[in-house]
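See below for the structure under consideration.
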Amino acid sequence: MADENVRDGNAAEGIDRAARALALSSRTVVLTGAGISKESGIPTFRDLDGIWTKYRAEELASREGFLSNPALVWNWYMERRTAARAAQPNSGHRALARLETLLPVFLLVTQNVDNLHLRAGNREIVELHGNIERYRCFECGKPSREDDSWSKGPPRCACGGLIRPNIVWFGEPLPAAELECSYRETQRCDALLIVGTSGIVHPAAMLPSVARQSGAFLIEVNVDPSGITPIVDVFLAGKAGKVLPGLVRRVEEFLAG
Ligand code: APR
């Protein structure tokens, strides 16, 4: 698929419509998923080479899975953390960090836990599913800092509870404050830019509909159509690392008048 081939068949026209909407937007929300980190070498979940094609999500990303095999789950997250730290933000991450500096009110809502948006320079970030760099006690909930016991298998809190990643597992509620903030800002935004998500995992997947119902202009960047594509105003087909830099440059041109 061409790198910039919008649904209405004209890449330049799609980029212009999307960039104009962003430049005119007084409140902008960006929603990202695993696709934006694919070009940094971090696998997505549901692509043909995705994480859930190799592992059973219930075994690795659930309370039951953790309690039934703490060492397996702990080691898997330590591997994912090592991979995330070795990865570099790509040009798509950097474009979104640039976009934050250009627009009056901006919020980046991410489903990703890889910490790459923060490393790319975004500051107004809401992490719906947590962060691979944060850990807490499974029992008492106390935040936990790494010590040399971490390399020897799942460590324990002073209370005796197992330490777990501060990441939302299947069947667990999202952090209330983050979800409420994302919902509120999506309801108030003029433009919602959706990048690299299959749009099927709720409640994040409901945010585009919330924005749509509030009259926002919806833009999607994805290599393939997703569950969200039917309700967006402009679909920019292509890799985030290729499409976003050009989109943000066009926003700058509109803002420069
Ligand atoms: N650029 C843009 N989009 C891409 C790229 C790319 N280079 N590569 C893949 N994609 C798209 C895919 O087409 C797909 O639509 O990224 C999306 C990835 O979808 P998923 O793997 O389902 O990831 P995501 O939507 O983030 O999953 C949501 O599910 O398992 C849970 O907690 C996990 O946060 C995750 C949630």
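Go from 0 up to the bin containing the longest alpha carbon distance in segment 31-167, width 10 Å each, and give me the % of pairs per bin.
Histogram of Cα-Cα distances, whole percents per bin: 12, 39, 32, 15, 2.
Stretched out fully, how many nm does the piece from LEU24 to LEU67 gain, at 0.36 nm a residue minus the Cα gap?
10.5 nm
Evaluate the charge dipole of segment 89-188 about its Cα centre and quote only its size in Debye, nearest 20, assuming +1 on the Cβ of each Lys and Arg and -1 on the Cβ of each Asp and Glu.
Magnitude of the dipole: close to 120 debye.
To the nearest 10 degrees, how steep is helix 240-256 against the longest Cα principal axis of the chain, on a 0 to 90 scale?
Approximately 50 degrees, to the nearest 10.
Show which lysines lie in cross-link reach of LYS38 when reach means a straight Cα distance below 26 angstrom and same-chain residues fewer than eight apart are skipped.
Within reach: LYS54, LYS239, LYS242.
Highest mean first, how do 234-245, 81-92, 28-39 rank when packing is the count of other Cβ atoms within 10 Å averaged over residues?
So the peptides 234-245, 81-92, 28-39, ranked by packing, come out 28-39, 234-245, 81-92.
With viscosity set to 1.002 mPa s and temperature to 20 °C, compute the Stokes-Einstein D of the chain, Rh being the Kirkwood radius across alpha carbon pairs; µm²/s, no decimals.
The calculation lands on 113 µm²/s.
Can you pull out the chymotrypsin sites (Phe, Trp or Tyr not before Pro) in segment 157-197 that DSSP calls coil and that have at most 13 other Cβ atoms within 10 Å?
PHE170
Rounded to the nearest 10 degrees, what's the angle between the helix 11-24 long axis and the longest principal axis of the chain, both from Cα atoms, 0 to 90?
Computed tilt is about 80 degrees.
Please get the size of the charge dipole for segment 154-238, origin at its Cα centre, with Cβ charges of +1 on Lys and Arg and -1 on Asp and Glu, quoted in debye to the nearest 20.
300 debye
Based on the alpha-carbon gyration tensor of segment 63-117 and its eigenvalue square roots a ≥ b ≥ c, which shape applies: rounded if a/c is under 1.5, prolate if not and a/b is larger than b/c, or oblate?
Verdict is oblate for segment 63-117.
Tell me the mean residue ellipticity at 222 nm calculated for the chain from its helices only (DSSP H runs of n ≥ 4, each -39500 (n - 2.57), averaged over every residue, nearest 500).
Value at 222 nm, helices only: -11000 deg cm²/dmol.
Taking the Cα centre of the chain as origin, sum charge times position over the Cβ atoms of Lys and Arg (+1) and Asp and Glu (-1), and report the length of that vector in debye to the nearest 20.
Around 440 debye, computed over the chain.
Quote to one decimal, in nm, the extra length available between SER149 and LEU255 on full extension: 0.36 nm per residue of separation minus the C-alpha distance between them.
33.0 nm is the gain from fully extending SER149 to LEU255.
In degrees, nearest 10, range 0 to 90: what is the angle between the Cα axis of helix 70-86 and the longest Cα principal axis of the chain?
Taking Cα atoms only, the helix is inclined about 40 degrees.
Just so you know, all these numbers are worked out from the coordinates, no wet-lab data involved. Keep in mind that what you see is a predicted model, and the values were worked out from it rather than measured. Quick reminder, even Gly has a Cβ in these numbers, built from the backbone with ideal geometry, and neighbours come from all protein chains shown.
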